[in-house]
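*Asks:* Just dropping this structure here.
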Amino acid sequence: MGPTLLAIESSCDETSASVIENGKVLNNIVATQSVHENYGGVVPELASRAHQQNIVPVVSQALQNTGIKRSDLDAIAYTQGPGLLGALLVGASFAKSMAYSLDIPLIAVNHMQAHILAHFIDKPRPRFPFLCLTVSGGHTQIVLVNDFLEMKIIGQTVDDAVGEAFDKSAKLMGLPYPGGPLVDKYAKLGDPLKYSFPDSEVPGLDFSFSGIKTAFLYFLRDEIKKDGDFIKNNLHDICASLQRSLIDMLMSRLIRASDQLKIKVIAIAGGVSANSGLRDTLELEAEKRQWQVHIPEFQYCTDNAAMIAMAAHYQYLERKFSPLDISPNPRMKFGNV
Ligand code: KG4
Ligand code: ZN
């Protein structure tokens with residue numbers, strides 16, 4: 001019998017807890033913080049406070065609904081980073097206190113590696129080695145995944161993350177935070193070829209999204225000068241065109257990486273992998289290029305503790321435990337686990 005673990009995720013604006021038994025995720029309780037909607041982005045101070053309010057009920061619910069007792073747990077896992085310091089501190093302090101009081105090991109998990117390991121929650125699981133396009137509000141990476149805990153970033157954004165490009169562009173159109181899902185929703189109703197926004201070519205497998213953000217700002221400004229109701233009258237076409245341009249930028253590097261490394265097992269992870277346009281485009285490319293594509297279930301795309309639990313399972317098997325004096329690492333890189 002494998003280990004029974006409790007995992008906690010608190011890196012940004014989702015407080016989440018999950019129980020995993022012998023590599024099988026039993027549940028995934030997520031409390032989303034709606035308080036940020038009014039501010040056009042996550043307010044770190046408010047996120048920390050909301051985590052403080054949510055963490056006890058979320059953990060209690062995760063344990064209660066499996067019938068697993070605290071004394072059954074073999075270790076406590078939590079997100080060490082990357083993320084917002086104050087938000088990470090809440091999960092870290094809670095996890096440490098629990099591990100200390102139960103006298104069981106503590107497992108510090110890298111949030112970005114966990115996004116990728118979400119692919120091992122359900123079947124079919126990707127075969128190693130595979131490439132994972134990890135796209136979230138804070139990161140845009142192409143990762144070569146050689147094994148559960150052996151991963152290497154081979155391409156990444158040199159400035160903004162693609163989720164940020166979605167959210168900031170949405171904000172310019174007056175849409176509430178997070179704008180990514182709304183752009184996705186309106187894009188389904190619009191013409192993706194009506195407008196086009198330039199790709200900022202950076203060498204190799206890296207990405208840059210600051211150029212498209214500025215181009216989008218100037219585009220809206222110029223069009224609004226001609227028609228004060230431009231956004232309202234063309235919202236669907238603008239969203240569809242913006243989304244297509246962002247997806248094209250992601251896909252061009254992913255295709256390049258697959259060609260260069262001759263790897264045809266491709267996965268996507270992170271919040272933006274919930275995007276329906278990206279999922280459809282990936283399926284189409286898969287047919288064209290004989291790729292074997294892995295797309296996570298919606299609940300495991302955005303931040304969740306089930307992915308932390310999955311990562312913790314593999315760390316437990318390798319006895320990768322952490323001392324109790326470890327601190328959160330807001331800029332945690334790969335290989336720190
Ligand atoms: O992974 P995640 O939940 O949190 C971070 O670690 O950043 O990702 C959040 C990001 C936000 O930028 C949000 O707008 C974006 O994922 N997102 C989407 C969609 N759903 C979430 N972007 C585009 N289309 C979606 N359907
Ligand atoms: Zn995330």
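*Asks:* Looking at SER93, is it out of contact with any strand residue (DSSP E or B) (no Cβ under 7 Å at 6 or more places or on another chain) and under 25 Å from LEU261 (Cα atoms)?
*Replies:* No; evaluated as a whole, the condition is false for this residue.
*Asks:* A further question on this structure: Among the listed residues LYS96, LYS123, identify the single one that is within 30 Å of MET151 (Cα to Cα), away from ligand 2 (no atom under 16 Å from the Cβ) and modelled with pLDDT under 95.
*Replies:* LYS123
*Asks:* Just one of (1) touching a residue at least 12 places away in the same chain (Cβ under 8 Å); (2) within 15 Å of ligand 1 (Cβ to nearest atom); (3) surrounded by fewer than 21 Cβ atoms within 10 Å (Cβ to Cβ) trips up ASN65, so point out which.
*Replies:* Going through (1) touching a residue at least 12 places away in the same chain (Cβ under 8 Å); (2) within 15 Å of ligand 1 (Cβ to nearest atom); (3) surrounded by fewer than 21 Cβ atoms within 10 Å (Cβ to Cβ) one by one, ASN65 breaks only (2).
*Asks:* May I ask you to verify whether ALA187 is within 16 Å of ligand 1 (Cβ to nearest atom), modelled with pLDDT of 95 or more, over 28 Å from LEU84 (Cα atoms) and not assigned by TED's automatic domain parsing to the domain that holds SER18?
*Replies:* yes
*Asks:* Anything in region 192-229 that is over 28 Å from GLN141 (Cβ atoms) and either surrounded by 14 or more Cβ atoms within 10 Å (Cβ to Cβ) or β-branched (Val, Ile, Thr) (or both)? List them, or say none.
*Replies:* Answer for region 192-229, where residues must be over 28 Å from GLN141 (Cβ atoms) and either surrounded by 14 or more Cβ atoms within 10 Å (Cβ to Cβ) or β-branched (Val, Ile, Thr) (or both): LEU220, GLU223, ILE224.
*Asks:* Can you name the number of the only condition in (1) away from ligand 1 (no atom under 16 Å from the Cβ); (2) among the hydroxyl-bearing types (Ser, Thr, Tyr); (3) assigned to a loop (DSSP other than H, G, I, E, B) that TYR314 fails?
*Replies:* Just one mismatch for TYR314, condition (3).
*Asks:* So, one more: For region 11-29, how many residues are surrounded by 19 or more Cβ atoms within 10 Å (Cβ to Cβ) and either within 13 Å of ligand 2 (Cβ to nearest atom) or small (Gly, Ala, Ser) (or both)?
*Replies:* 7
*Asks:* Among the residues of region 271-292, are any within 15 Å of the chain's Cα centre (by Cα), small (Gly, Ala, Ser) and outside any helix (DSSP H, G or I)?
*Replies:* Taking every residue of region 271-292 in turn, none turns out to be within 15 Å of the chain's Cα centre (by Cα), small (Gly, Ala, Ser) and outside any helix (DSSP H, G or I).
*Asks:* Output the residues belonging to region 83-105 that are more than 17 Å from LEU5 (Cα to Cα) and among the aliphatic types (A, V, I, L, M).
*Replies:* Answer for region 83-105, where residues must be more than 17 Å from LEU5 (Cα to Cα) and among the aliphatic types (A, V, I, L, M): LEU84, LEU85, ALA87, LEU88, LEU89, VAL90.
Results for (1) touching a Phe, Trp or Tyr at 6+ places or on another chain (Cβ under 7 Å); (2) touching a residue at least 40 places away in the same chain (Cβ under 8 Å); (3) surrounded by fewer than 19 Cβ atoms within 10 Å (Cβ to Cβ); (4) not in a helix (DSSP H, G or I), shown as yes or no for each residue.
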residue: HIS51; (1), (2), (3), (4): no, yes, no, no
residue: ASN54; (1), (2), (3), (4): no, no, no, no
residue: ALA92; (1), (2), (3), (4): yes, yes, no, no
residue: ALA99; (1), (2), (3), (4): no, yes, no, no
residue: LEU131; (1), (2), (3), (4): no, yes, no, yes
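*Asks:* Something else: For region 76-89, name all the residues that are more than 16 Å from ligand 1 (Cβ to nearest atom) and buried (at least 24 other Cβ atoms within 10 Å of the Cβ).
*Replies:* ILE76, ALA77
*Asks:* Take the residues in region 18-51 that are in contact with a His (Cβ under 9 Å, 6 or more places away or on another chain) and polar (S, T, N, Q), then tell me which one is farthest from LEU88 (Cα to Cα).
*Replies:* Among those that are in contact with a His (Cβ under 9 Å, 6 or more places away or on another chain) and polar (S, T, N, Q), it is ASN22.
*Asks:* Could I ask something else about it? Taking the condition of being in a strand (DSSP E or B), of a type in the set (A, V, I, L, M) and more than 16 Å from ligand 1 (Cβ to nearest atom), how many residues in region 143-161 meet it?
*Replies:* Count: 4.
*Asks:* Name the single residue that is surrounded by the fewest Cβ atoms within 10 Å (Cβ to Cβ) among those in region 293-311 being in a loop (DSSP other than H, G, I, E, B) and of a type outside the set (Ser, Thr, Tyr).
*Replies:* Applying the filter and picking the extreme gives GLU297.
*Asks:* Ok, one more. Just the residues that are within 22 Å of CYS12 (Cα to Cα) and more than 16 Å from ligand 2 (Cβ to nearest atom), please, taken from region 143-167.
*Replies:* Those that are within 22 Å of CYS12 (Cα to Cα) and more than 16 Å from ligand 2 (Cβ to nearest atom): VAL158, ASP159.
*Asks:* When only residues in region 168-184 that are at pLDDT 95 or above and within 16 Å of ligand 2 (Cβ to nearest atom) count, which is surrounded by the most Cβ atoms within 10 Å (Cβ to Cβ)?
*Replies:* Only one residue tops the list, namely GLY180.
*Asks:* Could you tell me whether region 106-114 includes any residue that is more than 12 Å from ligand 1 (Cβ to nearest atom), more than 20 Å from the chain's Cα centre (by Cα) and of a type in the set (S, T, N, Q)?
*Replies:* No, region 106-114 contains no residue that is more than 12 Å from ligand 1 (Cβ to nearest atom), more than 20 Å from the chain's Cα centre (by Cα) and of a type in the set (S, T, N, Q).
*Asks:* Which one of these does VAL42 not meet: (1) among the β-branched types (Val, Ile, Thr); (2) at pLDDT 95 or above; (3) within 16 Å of ligand 1 (Cβ to nearest atom); (4) not in a strand (DSSP E or B)?
*Replies:* Failing condition for VAL42: (2).
The values are calculated or read from the model by the stated rules, or taken from the named source; none is laboratory data. No experiment lies behind these values; they were computed from the predicted model shown. All Cβ positions, even for glycine, are placed from backbone atoms using ideal geometry, and neighbour counts span all protein chains on display.
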